[in-house]
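Worksheet: the structure to be examined is printed underneath.
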Amino acid sequence: MPNFISRKIARLKEKQGEKPEAELEARLDLLSKKLAAAEGGFFNIIGKNTDSILIVDKNGVVNFANPAAKELFGPLERDFPGRPFGFPLAHGKASEIEIPTPQGQIKTGEMQVVDIEWQNTPAYLVTVRDITERKQAEQLKMEIERHIRLEKLKDDLINTVSHELRTPLSITKEAISLILEKVPGEINDQQTEILGIARNNIERLARIINELLDVSKIEAGKVELKKEELDLGNLLKMTALSFEAKAKDKGLELRMNLPEQAVLAYGDEDKFNQIFTNLVDNALKFTPQGFIEISAKEKEKAVICLIRDSGIGISPDDLPKIFDKFTQFGRKNGPGDKGTGLGLSIVKGLVDLHQGEIRVESEVGQGTTVILTFPKLTFEERLNEYLSSMIQEAAERKSYFSMIIFSVRNLEDLIRSSPEKTAVSCEEMGDVLKKSLRRRADTVMYHQGRFFLILPETKKKDAPFVLDRMRENLNHYISACDFLRDRIQLETKILAYPEEAVELGKWLSQ
């Protein structure tokens with residue numbers, strides 16, 4: 001029995017000495033049980049409290065510590081009471097203390113100290129709340145806010161460069177062009193030569209500004225990708241066609257080595273075009289004679305594109321620095337094409353954004369080969385990547401989006417009836433849905449009988465109106481299709497962010 005209970009009973013015996021012995025023992029027994037129950041309840045509450053509770057005497061020694069305190073301040077040691085507390089006991093406002101852990105980490109506690117009496121002796125009641133996660137969250141919030149401020153400064157710089165430099169450059173270039181075209185009047189040969197040099201330098205300065213803006217956007221993560229399934233073979237043909245005249249003027253052979261079937265990849269068409277245009281242009285600059293070859297091939301899990309030339313090549317010492325900014329190799333003084341040294345850095349950034357890889361093989365005097373590898377994603381991977389980016393963007397901007405799913409419930413029955421007609425009908429239904437979209441940012445993706453309509457900046461309350469319009473257009477097509485009429489079974493579902501954020505997360509993790 002605890003000492004203070006024993007003392008209480010002893011005093012009671014002294015006061016009740018004149019009572020009959022049996023009656024006194026009965027009352028004392030009842031009182032002992034009540035006191036024991038109260039003590040048990042008290043220590044049960046203290047024991048289950050998630051805050052650390054300690055009793056520290058005036059000498060700074062711990063007399064009592066609940067389990068939460070033992071866990072916060074160190075291993076569960078039986079001899080925790082009797083050890084020095086080790087922290088200054090400041091009365092009044094809550095103070096913060098740093099608590100080292102056996103793993104070498106530092107926890108943060110919020111401590112409050114109150115004067116009490118413990119077992120008839122003055123002591124301190126010390127409560128410590130573990131606020132480590134809260135402090136980490138506050139620090140993370142401060143870091144995010146600092147990052148946002150820096151990003152805003154960077155965006156402001158980009159906007160300043162874009163508006164304050166590009167616009168006057170364009171006006172100046174246009175004015176010089178008008179003079180060179182002799183619109184205001186005749187000019188002599190010397191004036192023509194000087195103005196031509198001025199225009200060329202303005203064009204070069206404009207390219208530098210554009211490439212600086214591209215690099216800034218890539219580094220700031222401000223490049224938005226509009227990904228879709230692309231035929232890289234066709235894109236490479238268009239790139240080669242745009243350089244045909246320039247290659248002919250230099251006496252270079254422009255070769256194409258592409259398979260007969262389509263080479264499919266998943267990416268942003270504009271960014272892919274920028275990648276290939278930059279690489280072919282670079283090859284032309286540093287190939288005085290011979291050829292430029294563009295090729296592509298499709299493997300099981302990747303698409304590989306090569307830009308090969310018979311140019312001057314790059315030394316082994318320079319190859320590791322090939323993607324550094326403001327770096328050029330093989331550049332000579334005097335007339336000829338000159339760049340900013342940003343082209344390959346931009347290409348590397350755009351390839352990375354597509355989760356691709358780029359490497360360069362070269363030998364001085366023998367030419368250079370740039371090898372691009374882009375992963376072939378499954379439909380599930382493409383859809384998950386797209387929706388994950390939508391969720392991240394909406395969370396950052398505190399925005400919203402909706403996804404409408406059309407599912408063909410009896411797809412297997414239709415396939416058994418006619419695989420060819422089913423495939424054609426599903427493709428045409430996808431075309432109907434795509435043509436029904438009213439905004440460029442809206443996307444339709446199809447896979448195995450399910451159509452996914454992803455609608456950025458569309459609230460949940462507005463999604464049913466889009467669904468009705470889509471369903472009406474599909475019904476018109478189905479009514480006119482002999483194969484699908486009175487046969488196809490469609491069901492629909494709407495998932496919206498942020499309302500169904502949890503369901504979307506679970507759905508994406510399947």
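The values are calculated or read from the model by the stated rules, or taken from the named source; none is laboratory data. Please read these numbers as outputs of a predicted model, since none were measured by experiment. With ideal geometry, Cβ positions are generated from the backbone for all residues, glycine too; neighbour counts draw on all protein chains shown. With ligands, DNA and RNA removed, areas are computed over all heavy atoms of the protein, side chains included. Shrake-Rupley method; radii C 1.70, N 1.55, O 1.52, S 1.80 Å.
Think of a 1.4 Å ball rolled over the protein heavy atoms: region 203-310 then has 52 Å² of accessible area per residue. In this structure region 94-184 gives 72 Å² per residue of accessible area when probed at 1.4 Å with all protein chains present. The accessible area of Lys376, taken with all protein chains in place and a 1.4 Å probe, comes to roughly 70 Å².
I'd like the carbon and sulfur percentage of the solvent accessible area for region 149-244, probe radius 1.4 Å, heavy atoms only, ligands and nucleic acids excluded.
Working: 3420 of 6340 Å².
On region 149-244, the fraction of accessible area on carbon and sulfur atoms equals 54 percent.
Quick one: pull the percent of accessible area on region 96-137 belonging to carbon and sulfur, 1.4 Å probe, ligands and nucleic acids left out. C and S fraction of accessible area: 44 percent.
Largest first, how would Thr50, Thr192 line up by accessible area (1.4 Å probe)?
Working: Thr50 125, Thr192 55 Å².
Per-residue accessible area, sorted high to low, gives Thr50, Thr192.
Taking label positions 7 Å along the Cα-Cβ direction at both Ser170 and Gln489, the computed distance is 5.7 nm, reported to one decimal. Taking 24 Å as the limit for the C-alpha separation, the pairs Lys222/Lys435; Lys141/Lys222; Lys173/Lys226; Lys376/Lys493 exceed it in the case of Lys222/Lys435; Lys173/Lys226; Lys376/Lys493. Entry comment: accessible area of region 333-489 is 54 Å² per residue, from protein heavy atoms only and a probe of 1.4 Å. For Asp413 and Ala302, the FRET efficiency from 1/(1 + (r/R0)^6), where r spans their Cβ atoms and R0 equals 56 Å, is about 0.95.
I need the calculated FRET efficiency for the pair Gln392 and Asp468, taking r as the beta carbon distance and R₀ as 25 Å, to the nearest 0.05. List each step's numbers first, then the result.
Working: r = 30 Å, r/R0 = 1.18.
Computed FRET efficiency for Gln392 and Asp468: 0.25.
Once the whole set of protein chains is in place, how much accessible area is left on Phe323, using a 1.4 Å probe, in Å² to the nearest 10? Phe323 has an accessible surface of roughly 50 Å² with all protein chains in place. Straight-line cross-link reach from Lys461 at under 15 Å between alpha-carbon atoms covers these aspartates and glutamates, not counting any fewer than eight positions away in the same chain: Glu499, Glu500. Accessible area per residue was computed with a 1.4 Å probe on protein heavy atoms; Arg134 scores about 110 Å².
Note on surface exposure: Thr127, Thr443 rank Thr127, Thr443 by accessible area, highest first, 1.4 Å probe. Site pair Glu499 and Val114 shows an inter-label distance of 4.7 nm when each label is modelled 7 Å from Cα along Cα→Cβ. In a fully extended conformation the segment linking Leu180 and Leu89 would gain 24.3 nm over its present Cα-Cα distance, using 0.36 nm per residue. Across the protein chains, with a 1.4 Å probe defining accessible surface, the residues His447, His476, His354, His91 rank His476, His91, His447, His354 from largest area downward. Taking label positions 7 Å along the Cα-Cβ direction at both Glu385 and Lys421, the computed distance is 3.7 nm, reported to one decimal. For region 376-422, with all protein chains in place and a probe radius of 1.4 Å, 47% of the accessible heavy-atom surface sits on carbon or sulfur.
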